[in-house]
Amino acid sequence: MVIIFLTQYAIRYGIIYPFLEQSGLELFLDERLFGFLAMATVMIAAAGYIINDYFDVKLDSINKPTQLIIGQYIGRRQSMLLHILLNAIGLSLALYIAIQIGHPILVIIQLSAAILLWYYSVNFKKKILTGNIIIAALTALVPFTAGYYEVVAMFDELTLTENTTLMSTKGFGSLLFSIKYLLYWIFGYSTFAFLLSMIREIIKDCEDIEGDRAFDCKTLPIVHGIDTAKKTAFHITIFTTLLVAIVQYMQLLSKDWPSLAYFFILITLPLLFTSYRIWNAHTKRHFFIISQTIKLIMLSGILYILVIYGYAQ
């Protein structure tokens, strides 16, 4: 939950704010509304975790017997009520924000997330790759939402536009081009989050294969074997590493040495280590280490925003 909250604020102040500041502009989305947006995202994600644990009590008693919360610390009825309450608060906040910025249709983003999290817990997680893709897509939605709401507010303000202040700051066509460039950054972060989450979800299925098999889940390692699941995760990891290498090549061409060093030490090397560990993983402990390594790579990706922010100052 903390990482979700930090990710959205990192996108706002690490990418969007420096970008706008260099263009002589301020953030367009009100601070209070963005705080509500981050809270809505966290609430809906928390509701998703709760409903997932609700349906997985028996399964988790095999896969994660020391990490059980529902049934041990919280009753099943209370957990269902908490799930409903958190979703209600999250969706209400999302609707309020969407109405305030003049785009009520945007609430469909959070509504879709809540529905997908429910069906993931009930059904999709037991189907081969379907659950993995859903969780990876929802993970990618966290940075995307933070950026997209700001871009929507920005675009509305610019297209009003006989806004002479904005027009005198920078040409309208140039500003539209800059918005497109900003969307590339947001899309890049979302893609990075999607790929890493996809790898981690497959690895977690390998880690939890014993409990999943006992409850007739149709995950990739159960249906096609752990070797196939490992190869799939390995190839996605290599593909991700190649994408990062392309970014590093552009950093090299632009002589962005701090970013080049940061990516190589904290992202590329850990990705190569991850691919090596995936190829040689055999035990539950091996898969657990890989899963935790991927979480650290995700955190490194978020913290890179501090480097961007430092450049902008």
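The order of the peptides 33-41, 248-256, 99-107 by mean Cβ neighbours within 10 Å, most packed first, is 33-41, 99-107, 248-256. In terms of distances greater than 27 angstrom between alpha carbons, the cross-link table entries K127/K284; K231/K255; K218/K295; K125/K295 yield K231/K255. With R₀ fixed at 30 Å, the C-beta to C-beta distance from D216 to L111 puts the FRET efficiency at about 0.50. As a proxy for reagent exposure, ranking W279, W118 by other Cβ atoms within 10 Å from fewest up yields W279, W118. Multiplying the residue separation of Y96 and Y9 by 0.36 nm and subtracting their alpha-carbon distance yields 29.4 nm. Modelled label positions at Q78 and D227, each set 7 Å beyond Cα in the direction of Cβ, lie 4.8 nm from each other. The slack in the chain from A261 to L242, taken as 0.36 nm per residue of separation less the alpha-carbon distance, amounts to 5.2 nm.
The simple Förster model, with R0 at 22 Å and r as the Cβ-Cβ distance, assigns I128 and K284 a FRET efficiency of 0.60.
Every number here is computed from the coordinates shown, using simple stated rules; none is lab data. If you're wondering where the values come from, they're calculated on a predicted model, not measured in any experiment. Here Cβ is always computed from backbone atoms with ideal geometry, including for glycine, and neighbour counts include all displayed protein chains.
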